[in-house]
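Undergrad: Just passing along the structure, written as structure tokens.
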Amino acid sequence: MIVPAEPLDVLGGKAVPLIELIPPVHQRVYKMGLEHLGVVVGDPFDTFVEAHKPVLTGQQFQGPHSTPDPVYILFEDFTHVKFYRLSLRESVELDAGPFADGFHHVDPWVPQRLVTATGPNPLPR
């Protein structure tokens, strides 16, 4: 997660306070360059989900500390729009405490070995 010193000003005054950069685990190339776009709905999350159930593709279960798990719309090119009650930063701080200055690493961290539909080996390039 990248947390700039000052929020980025985009799209005519919309503030972007953080950027989450993760590699696409599906090993696909996404037309947008992103696996998903996340939208924080906030407190009206439950009402939003109820109102938009006909177009929502599913809900992603992210573990016991997710509050609540995001809902999403999946498109044909495997990109998503995901809708959250809390921002990523709020979720992390709720689980692990407030951010302090600088980098924080998880010790001891071992990268997860991904096994996909094509097996444990990387896709041919």
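Undergrad: So what are the ³J(HN,Hα) numbers for segment 46-55, from phi and the Karplus equation (6.51, -1.76, 1.60; θ = phi - 60°), rounded to whole Hz, Gly and Pro as x?
TA: 4, 5, 4, 4, 4, 5, 10, 3, x, 9
Undergrad: Also: Arrange the peptides 52-59, 70-77, 37-44 so that the one whose residues have, on average, the most other Cβ atoms within 10 Å appears first.
TA: Peptide ranking by packing, descending: 70-77, 37-44, 52-59.
Undergrad: Moving on. Would you mind computing, in nm to one decimal, how far apart the modelled labels at residue 81 and residue 16 are, each placed 7 Å from Cα along Cα→Cβ?
TA: 1.7
Undergrad: Work out, step by step, the length gained on full extension between residue 39 and residue 6: first 0.36 nm times the residue separation, then minus their alpha carbon distance; give nm to one decimal.
TA: The residue 39-residue 6 span can extend by a further 9.9 nm.
FYI, it's all coordinate maths here, none of it is from the lab. Note that this is a predicted model, so its numbers are computed, not measured. Don't worry about glycine lacking a Cβ; one is built from the backbone with ideal geometry, like all the others, and counts go over all protein chains shown.
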